[in-house]
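Comments concern the structure below.
Coordinate-derived values only; no laboratory data. What you see is a predicted model; the values in this text were computed from it and never measured. Cβ sites come from the backbone with ideal geometry, for glycine too, and all protein chains shown count toward neighbours.
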Amino acid sequence: MGYDSDLSFNYFGPTKIVFGAGVAKDVEIEMGAFGGTKAVVVTDKGVLGAGLVDPVCKALGNKCVGVFSDIPQDTGVEVVDAGAEFARKNGADTVISVGGGSAIDTAKGMCILLTEGGSLRDFNGIQLLSRLQTPHIVIPTTAGTGSEVTTAAVIMDKEMGQKRLLVENYNAPRLAVLDPKMTEKLPKLLTASTGMDAMTHAVEALHSLQHEPVTDGLALHAIRLLFKYLPVCVENGSDLHARGQVQIAATLAGWAFGNAMVGNVHAMAHSIGAVAHVPHGIANGILLADCMEFNVEEAQEGYAMMAEAIGVREKGMDDLEAAKAAIEAMRDFTRNKISHPQKLSEFGVKQADIEKAADMSLSDGAIVNNPRLVMDASEILGIFEKVL
Ligand SMILES: [Fe+2]
């Protein structure tokens, strides 16, 4: 892939990874490596009910000083404040999140408050911190968000009527425990849609204006693994090898987009999520191929590399032809390989919703890194209409 001769970039990815089926039971030893002696486990009711917290608490023994599970689907400032208060009262020096994006983001906010004090309302901005925060260990129970290795958290502030974005390098998770057994029971649709969140992170990192050689390498391998193993996971959820490969892909994609950022797919998914509550992974999975088509001229080198990675670049194809082959492969993948929903109307979305979401997308921070300059909302609406 071509890079400008004056290429310069920063890459940041300090999180340690421990991978393997059953490794969640080693969490107490890993916590000791940071000097942690008392952990609060942060999770949600669904994960708790599925019994996924039990092996973690058992492994921690009396070093688990409490379980905070009062977490809604989208976490908020009050939830983080309450979680930090709970952890403080119980004397925790470590936070362990077991769950998906909402539990992980809650724990990220709690780590800041445990170190700095106060309410999350006091932290409105990015890169405000100047010292390392309370250690955070992440044990993901989905394979998609990549939040286990990113420095960002999204937290709803009802008073302000908007979502806050926290980005703090000093608050990156210290450790991500990738245990395929934690994702074994994930139902088919959730497996497919969270997998498509990871796929979108990888493709958007590849086409982002901020892509660079490290993120390209991570993104391409994530895409390769997802094309090969996500269909296996959807077909047979208890295939632990495939589950593990998809977990690894989600983490690689997390490192990639955590540095390169994302583009119009995420801008549109955030907006349609806010307007019509379409789940994030589903929205990404429905929008990805058509957004790639929108970007194909500008992103053809990256997509051509992707075509090579997934084996659809034929001899004699130029970059644009290979890029188009990658887009067709993506359509075939979502429709035929993982049975992912294809239309937003399947989730109750109406014409008025996409008109509102198209306007909102223009002011979403993700759009600034899209490879093709988006001139006005009608271009975004055109993409939405194709998948309505
Ligand atoms: Fe995402």
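Give me the net charge for the shell around W255: Cβ to Cβ below 14 angstrom, other residues only, Lys and Arg +1, Asp and Glu -1. Don't jump to the answer; show the numbers that get you there.
Working: positive: K16; negative: E148, E204, E212, D216.
Local net charge: -3.
Computed over neighbours whose Cβ is under 13 Å from that of A153, the net charge equals -2, Lys and Arg +1, Asp and Glu -1.
Looking at the chain alone, DSSP beta bridges between its own residues are antiparallel in about 25 percent of cases.
Dipole magnitude for the chain: about 1360 debye, using +1 per Lys or Arg Cβ and -1 per Asp or Glu Cβ, origin at the Cα centre. The D359 and K45 beta-carbon pair, evaluated with R₀ = 25 Å, returns a calculated FRET efficiency of approximately 0.10. Taken about its Cα centre, the range 16-182 carries a charge dipole of roughly 260 debye when the Cβ of each Lys and Arg holds +1 and the Cβ of each Asp and Glu holds -1.
Can you tell me the dipole magnitude for the range 182-256 around its Cα centre, using point charges on the Cβ only (Lys, Arg +1; Asp, Glu -1), in Debye to the nearest 20?
220 debye
Relative to the longest principal axis of the Cα atoms of the chain, helix 213-235 runs at roughly 90 degrees. Full extension of the chain between D70 and S8 yields a length gain of 18.0 nm, computed as 0.36 nm times the residue separation minus the alpha carbon distance.
Legend: calculated FRET efficiency, R121 to N236, from the Cβ-Cβ distance at R0 = 35 Å, rounded to 0.05, equals 0.15.
In the range 188-386, a dipole from Cβ-located charges (positive for Lys and Arg, negative for Asp and Glu) runs towards its positive end, and of H270, H280, L320 it is H280 whose Cα lies farthest in that direction. So what's the angle, to the nearest 10 degrees on a 0 to 90 scale, between helix 377-386 and the longest Cα principal axis of the chain? The two axes meet at around 90 degrees.
Amide H to amide H distances under 5 Å link K163 with D157, where only residues 5 or more positions off or on other chains count and H is placed in the peptide plane.
Taking Lys and Arg as +1 and Asp and Glu as -1, the other residues whose beta-carbon sits under 13 Å from that of V374 total -4.
Kirkwood hydrodynamic radius (Cα pairs, Å) of the chain? It would help to have the intermediate numbers written out before the result.
Values: mean 1/r = 0.0476 Å⁻¹.
Hydrodynamic radius (Kirkwood, Cα only) of the chain equals 21.0 Å.
In this rough spin-label picture, where each label sits 7 Å from Cα along the Cβ direction, the N90-R331 distance is 5.1 nm.
In the range 108-150, which residues have a backbone nitrogen under 12 Å from the label point lying 7 Å from L165's Cα in the Cα-to-Cβ direction? In the range 108-150, the label zone of L165 (backbone N under 12 Å from the point 7 Å along Cα→Cβ) covers 125-127.
Considering only Cα-Cα distances, which of the following residue pairs are longer than 25 Å: K58/K158; K45/K158; K25/K185; K188/K324; K45/K337?
Details: K58/K158 36 Å; K45/K158 22 Å; K25/K185 18 Å; K188/K324 28 Å; K45/K337 31 Å.
Pairs exceeding 25 Å: K58/K158; K188/K324; K45/K337.
Computed as a quarter of the hull surface, the mean projected area of the alpha carbon convex hull for the range 249-355 stands at 7.4 nm².
Considering Cα pairs under 8 angstrom that are at least six residues apart, work out the relative contact order of the range 188-386 and quote it in whole percent.
Working: 328 pairs, mean separation 53.7, N = 199.
For the range 188-386, the relative contact order is 27 percent.
For the range 34-149, the residue among T141, A39, M110 whose Cα projects farthest onto the positive side of the dipole built from Cβ charges is A39. Distance between the pseudo-spin-label points of E28 and R131 (7 Å out from Cα toward the beta carbon): 3.0 nm.
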